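Asks: Okay, handing you the structure first.
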Amino acid sequence: MTSGLRFPTPGIDERTDMHASPSPSTACWNCGGAPGPGHFCAACGKIQPPGDGGYFAFFALPEKLGVDREDLERRYLALSWKLHPDNFVRAGEYERNCSLELSSALNDAYRALCDPVSRAEYLLERHGVRKEGQTKQQAPPELLEEVFELNEWLDELRSAREAGSRGAETSELRERLEGARQAFEEKLAAVDAELGAGFAEWDAATDGGAGDAARGRAMARLNEVLNRRSYIRNLVASVTRELENDA
Amino acid sequence: MSKAVGIDLGTTFSLIAWMNPASGKPECIPGPYGTTLCPSVVSLDVDGRVVAGEAARRRLLTQPARTIYSAKRLMGRGVEDVEDELKIFPFRIDPESRNVIRVRLGDRAFTPPEVSGYILREVKGWAEEYFHEPVTRAVITVPAYFNDAQRQATKDAGRLAGLEVLRLVNEPTAAALAYGLDRAQRGRVAVYDFGGGTFDISILKLIAAGEGDIYQVLSTCGDTHLGGDDIDNRLLDLAREEILRDWGLDLAPHSQVLQELRKAMIAAKHELSDAEETTVRFLLPEGMAYVRRLTREEFEALIGPIVERTLAPARQALRDAKLKPEEIDEVVMVGGSTRIPLVRRRVEELFRRPPHVELDPDEVVALGAAVQAHILTTGVENALLLDVTPLSLGIETMGGVVAKLIPCNSTIPASAEELFTTGVDNQTGIDLHVLQGERELARDCRSLARFRLPVEPGLAGLARIEVRFTIDANGILQVRAKDLRTGEERSIDVQPSYGLAEPEIERMLIESIDFAEQDFAVRQLIEARNESESILRAAEKSLADPQSAELDSGERARIDAAIAALRLASEGEDYRQVRARIEDLNRETMHLAELLMNRAIASALEGKRVADI
Ligand SMILES: [Zn+2]
């Protein structure tokens with residue numbers, strides 16, 4: 001079997017244009033008029049095929065990271081009412097397909113924008129700063145020492161377990177690991193605060209119509225914070241897993 | 001426009017319902033036997049005619065080799081998937097079946113969608129009889145945890161029954177819709193659906209939006225191999241073990257006796273839903289009697305582990321919905337097994353609130369399907385369902401690892417795009433393997449389909465094929481590919497791993513077309529005459545039996561009159577008349593049938609086959 005290689009490979013994503021904007025509305029498939037914004041033709045009311053304006057534009061939201069969750073949910077539910085295939089059971093095939101594509105795009109967009117971290121990841125991916133599913137699994141330099149120590153303890157715990165010792169013998173080690181986990185969890189909280197600051201920086205740059213340089217700086221910072229966050233999160237998860245295995 | 005119906009295609013029973021405009025409420029439609037429950041049983045007549053429902057169920061005992069029940073367990077599954085089931089259910093699998101099972105009934109082989117198609121056709125007939133007009137469009141329910149192949153098989157069954165399947169709806173979601181319509185509740189709802197063959201749990205959020213009510217499924221979890229049947233099997237095992245222990249009698253070769261014993265144990269189970277204790281009395285071959293007192297306490301200890309197995313998916317569904325048990329506002333019970341007091345108690349303990357049992361747990365799913373059918377045909381006016389996909393969708397990558405594209409519990413429709421290229425020069429195609437499941441390795445997941453994307457030969461890495469995977473509102477996969485270099489777009493003909501290919505369905509449709517094309521009344525008349533013929537034959541055969549001497553003269557005269565009346569009606573053109581006379585004859589021969597049946601069972605217990613009597 002010849003396997004297909006999966007991308008992403010740098011430089012081929014069509015959506016890496018920094019100025020990607022909703023594709024200019026072409027003519028309505030039904031009446032030939034200008035469909036205007038939204039997902040339905042302003043003239044004849046027919047559903048239109050999805051454009052490539054991205055997730056924020058889908059909800060008619062500016063491309064900003066500070067998102068009011070309740071407002072987003074209201075927009076999501078209102079669009080669901082209009083776009084869901086249940087509305088198009090009796091429509092023609094073309095309209096049914098538009099509904100299927102739009103409502104799946106709506107659900108994908110909502111899932112991506114609901115959570116702040118996936119929202120930021122999506123923004124960076126859309127602007128080509130970050131590749132989907134690809135995060136640097138390199139320890140941030142300032143954490144190197146602690147990570148090194150932590151890995152040693154984890155190794156000790158594993159070999160102690162393999163040697164059959166449990167409970168009391170490893171309790172001191174477990175305490176140390178528990179302490180380290182708490183320390184890393186605190187760092188995670190600090191990183192989340194940094195992420196919040198990164199959101200504000202991006203939103204300010206967007207609001208102020210800042211140039212590419214400022215927007216680029218904001219995205220680079222966000223990307224760095226996201227990588228660090230992902231690294232620490234994995235670390236906390238692996239310590240938790242080991243402690244549970246040992247319990 | 002014809003009326004659209006909702007159908008609950010169940011493991012043991014199927015039901016059909018519609019939205020009654022007079023009451024504004026969904027109602028189940030009763031069949032010719034007065035009940036709304038249609039046994040999900042299909043039987044092949046000696047003369048090649050297929051019967052479904054109660055008529056087929058009555059043949060389970062007398063013609064087991066021509067009769068099948070619980071066919072839903074086989075839907076969308078391959079032979080290797082059902083090995084465990086085969087130990088318990090006497091399916092006669094055609095040795096030539098591979099990825100689509102073929103079941104032998106007499107001298108013919110049927111696929112599970114065909115068998116289910118006959119059940120759908122039967123209940124469709126009930127509705128046509130009730131409305132006096134043809135029924136062509138339906139919403140059919142499926143267990144929430146059904147995978148793509150099982151859903152596709154259900155859709156195929158609908159097509160084979162001459163139905164346009166407007167939508168497949170998940171059973172627990174349908175149940176929530178049936179309840180919600182009645183109660184106008186808002187908040188978070190858990191639907192605990194413990195049916196004959198499957199267990200499902202769904203957590204929903206009911207939202208009052210400006211436009212109407214939104215039923216948003218937050219998560220779903222379940223086990224397609226856990227149901228009331230497992231409880232019945234546990235009880236049957238107990239009896240078998242004790243019979244083996246006390247008399248050294250192994251019932252394994254006595255399939256008819258086992259069927260009867262199973263029925264007796266099920267009756268005991270039903271009694272223990274109300275009574276604190278019951279006694280099973282069962283006549284064994286060689287005249288021995290198995291008499292067993294069973295208390296509810298012992299029953300609960302026996303089935304406790306099975307009930308316990310439903311709680312893990314329930315907790316998982318809560319975790320996936322990011323909710324704690326106490327954050328659930330309402331709990332809804334669905335499925336016959338939720339009548340068992342232990343089940344109710346354990347569910348109440350988990351969610352810390354008494355569950356709703358106001359609606360008939362057997363009917364609630366069909367009622368919800370009728371509501372959805374109404375919504376789909378009249379327009380989304382007051383309710384919208386947002387359901388989720390129960391299983392993650394992924395593709396196989398290097399080393400047999402699965403790359404997840406659409407996570408489980410994503411709201412459907414959902415989609416994902418992937419870009420593919422060639423790995424070696426002059427490669428003519430890219431092979432893709434699509435899977436469903438939560439495990440990391442392809443071999444632990446469910447294979448949905450393999451297909452090949454054709455590419456123009458060229459340098460490795462030059463091709464750019466964008467593939468879009470979409471799970472539609474039925475939970476069924478669609479695949480489209482786009483060549484980014486040429487802009488050419490095409491839909492991919494996905495050959496399902498465990499399903500009927502389109503040409504096979506076409507062939508089955510053609511085979512049944514003479515049936516489907518006929519005008520409704522003509523079809524009804526033919527069916528009624530056929531039934532009349534076999535009933536007349538059976539009646540005459542029974543009257544020739546020496547056992548019939550036990551009838552008193554009045555009974556005998558009434559039977560003879562009913563036979564004459566049925567003959568006369570069959571010569572006419574009104575199928576309603578024929579049906580009415582069939583009912584008359586059935587009623588008059590009830591006692592005779594009992595006399596013969598008692599003797600048949602007695603003979604069977606002596607180890608003789610009924611056909612030899
Ligand atoms: Zn238009």
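The values are calculated or read from the model by the stated rules, or taken from the named source; none is laboratory data. Note that the structure is predicted; figures quoted are calculated from it, not measured. We place every Cβ from the backbone using ideal geometry, glycine too, and count neighbours over all the protein chains shown. Accessible surface areas use protein heavy atoms only, side chains included; no ligands, DNA or RNA. Shrake-Rupley method; radii C 1.70, N 1.55, O 1.52, S 1.80 Å.
Asks: Give me the 1.4 Å probe accessible area per residue for the range B:1-117, excluding ligands and nucleic acids, in Å². Working shown, then result.
Replies: Values: 4750 Å² over 117 residues.
Averaged over the residues of the range B:1-117, the accessible area is 41 Å².
Asks: Could I ask something else about it? Would you calculate a helix-derived [θ] at 222 nm for chain B, using -39,500 (n - 2.57) for each DSSP H run of n ≥ 4 and dividing by the full residue count, to the nearest 500? Let's see the in-between values first.
Replies: Working: 17 runs with 237 residues, N = 613.
For chain B, the value works out to -12500 deg cm²/dmol.
Asks: Follow-up question, since we're still on this one. Nearest 10 degrees is fine. How inclined is helix B:364-378 to the longest principal axis of chain B, computing both from alpha carbons?
Replies: Taking the Cα atoms of chain B, the angle to B:364-378 is about 60 degrees.
Asks: Counting only protein heavy atoms, what percent of the accessible surface of the range B:393-498 is carbon or sulfur at a 1.4 Å probe? Numbers along the way, then the final one.
Replies: Numbers: 2140 of 4600 Å².
Here carbon and sulfur together make up 47 percent of the probe-accessible area.
Asks: For the range A:24-116, report the translational diffusion coefficient in µm²/s to the nearest whole number, using Stokes-Einstein at 10 °C, 1.306 mPa s, and a Kirkwood Rh over Cα pairs. Before the final figure, lay out the partial values.
Replies: On the way: Rh = 13.8 Å.
Answer, rounded: 115 µm²/s.
Asks: Could you work out Rg/(2.2 N^0.38 Å) for chain B, with Rg from alpha carbons only?
Replies: Working: Rg = 26.2 Å, N = 613, 2.2 N^0.38 = 25.2 Å.
It is 1.04.
Asks: Jot down the per residue volume, in cubic angstrom and as a whole number, of the convex hull over the alpha-carbon atoms of the range B:37-105. Spell out each step's value before the answer.
Replies: Working: hull volume 6.5 nm³, N = 69.
About 94 Å³ per residue, rounded to a whole number.
Asks: Let me ask something else. Please determine, in degrees from 0 to 90 and to the nearest 10, the orientation of helix B:296-320 with respect to the longest principal axis defined by the Cα atoms of chain B, where the helix direction is its Cα long axis.
Replies: Taking the Cα atoms of chain B, the angle to B:296-320 is about 20 degrees.
Asks: Find the centroid of the Cα atoms in the range B:322-349 and in the range B:451-476, then give the distance between the two in whole Å.
Replies: Centre-to-centre (Cα) distance: 44 Å.
Asks: Students often forget the sequence filter, so: which aspartates and glutamates lie under 16 Å Cα-Cα from A:Lys131 once same-chain residues fewer than 8 apart are removed?
Replies: Partners within reach: A:Asp13, A:Glu14, A:Asp17, A:Glu121, A:Glu224, B:Glu417, B:Glu418.
Asks: Along the charge dipole of the protein assembly as shown, Cβ charges K/R +1 and D/E -1, which of B:Pro341, B:Ser273, B:Leu484 sits furthest on the positive end?
Replies: Result: B:Leu484.
Asks: Does any residue of the range B:200-220 lose at least 20 Å² of accessible area with all protein chains in place compared with its chain alone, and if so which ones (probe 1.4 Å)?
Replies: B:Lys205, B:Ile207, B:Glu211, B:Ile214, B:Gln216
Asks: Let me ask something else about it. Per residue, how much accessible area does the range B:393-498 have with a 1.4 Å probe, in Å²?
Replies: Values: 4600 Å² over 106 residues.
Value returned for the range B:393-498: 43 Å² of accessible area per residue.
Asks: Taking the alpha-carbon distance from B:Lys269 and a cut-off under 20 Å, which lysines remain once sequence neighbours fewer than 8 residues away in the same chain are dropped?
Replies: none
Asks: Oh, and also: Using θ = phi - 60° and the Karplus curve 6.51 cos²θ - 1.76 cosθ + 1.60, what whole-Hz ³J(HN,Hα) does each residue of the range B:132-141 get, with Gly and Pro shown as x?
Replies: For the range B:132-141, the Karplus curve yields 6, 7, x, 10, 10, 10, 8, 9, 10, 9 Hz.
Asks: In this model, which of B:Lys87/B:Lys263; B:Lys25/B:Lys124; B:Lys3/B:Lys25; B:Lys25/B:Lys72; B:Lys25/B:Lys155; B:Lys124/B:Lys155 are farther than 22 Å apart at the alpha-carbon? It would help to have the intermediate numbers written out before the result.
Replies: On the way: B:Lys87/B:Lys263 18 Å; B:Lys25/B:Lys124 20 Å; B:Lys3/B:Lys25 14 Å; B:Lys25/B:Lys72 28 Å; B:Lys25/B:Lys155 26 Å; B:Lys124/B:Lys155 15 Å.
Violating the 22 Å Cα-Cα cut-off are B:Lys25/B:Lys72; B:Lys25/B:Lys155.
Asks: Using a 1.4 angstrom probe on protein heavy atoms only, which residues from the range B:400-430 are buried by at least 50 Å² of accessible area when all chains are present rather than their own chain alone?
Replies: The answer is B:Pro413, B:Leu419, B:Thr421.
Asks: Next question. Please enumerate, by chain and number, the lysines with C-alpha under 16 Å from the C-alpha of A:Lys46, excluding those fewer than 8 residues away in the same chain.
Replies: Straight-distance partners of A:Lys46: A:Lys82.
Asks: Could you give each residue of the range A:220-228 its phi-based ³J(HN,Hα) in whole Hz, using Karplus coefficients 6.51, -1.76, 1.60 with θ = phi - 60°, and x for Gly or Pro?
Replies: 4, 5, 4, 4, 5, 5, 5, 4, 5
Asks: Roughly how tilted is helix B:341-351, in degrees to the nearest 10 and between 0 and 90, from the longest Cα axis of chain B?
Replies: Rounded to the nearest ten degrees, it is 20.
Asks: Across the range B:496-510, in residue order, what do the Karplus-derived ³J(HN,Hα) couplings come to in whole Hz, using 6.51 cos²θ - 1.76 cosθ + 1.60 with θ = phi - 60° and x for Gly and Pro?
Replies: x, 5, 10, x, 7, 6, 3, x, 5, 5, 4, 4, 4, 5, 4
Asks: If you take each beta carbon of peptide A:74-86 and count the beta carbons of other chains within 10 angstrom, what is the mean?
Replies: Shielding by partners across A:74-86 averages 5.
Asks: Here is a further query. For chain B, what relative contact order do you get, as a whole percent, if you take Cα pairs closer than 8 Å and at least 6 residues apart?
Replies: Working: 1166 pairs, mean separation 79.0, N = 613.
Averaging sequence separation for qualifying contacts and normalising by length gives 13 percent for chain B.
Asks: Using the Cα centre of chain B as the reference point, and only Cβ charges (+1 on K/R, -1 on D/E), how large is the resulting charge dipole? Debye, rounded to the nearest 20. Let's see the in-between values first.
Replies: On the way: 75 positive and 99 negative charges, 123 e Å.
Charge dipole, chain B, about its Cα centre: 600 debye, nearest 20.
Asks: Give the interface area between chains B and A as buried accessible surface, both sides summed, probe 1.4 Å, in Å² to the nearest 100. Before the final figure, lay out the partial values.
Replies: Values: alone 27470 and 14700 Å², together 38770 Å².
Protein heavy atoms only, the B-A interface buries about 3400 Å².
Asks: Right, next: Taking all protein chains as present, what is the carbon and sulfur share of the accessible area of the range B:228-308, in % to the nearest whole number, probe 1.4 Å? Kindly include the intermediate steps, with their values, before the conclusion.
Replies: Working: 1970 of 3970 Å².
Of all accessible area on the range B:228-308, carbon and sulfur atoms account for 50 percent.
Asks: Could you work out Rg/(2.2 N^0.38 Å) for the range B:393-498, with Rg from alpha carbons only?
Replies: Values: Rg = 13.9 Å, N = 106, 2.2 N^0.38 = 12.9 Å.
For the range B:393-498, the normalised Cα radius of gyration is 1.07.
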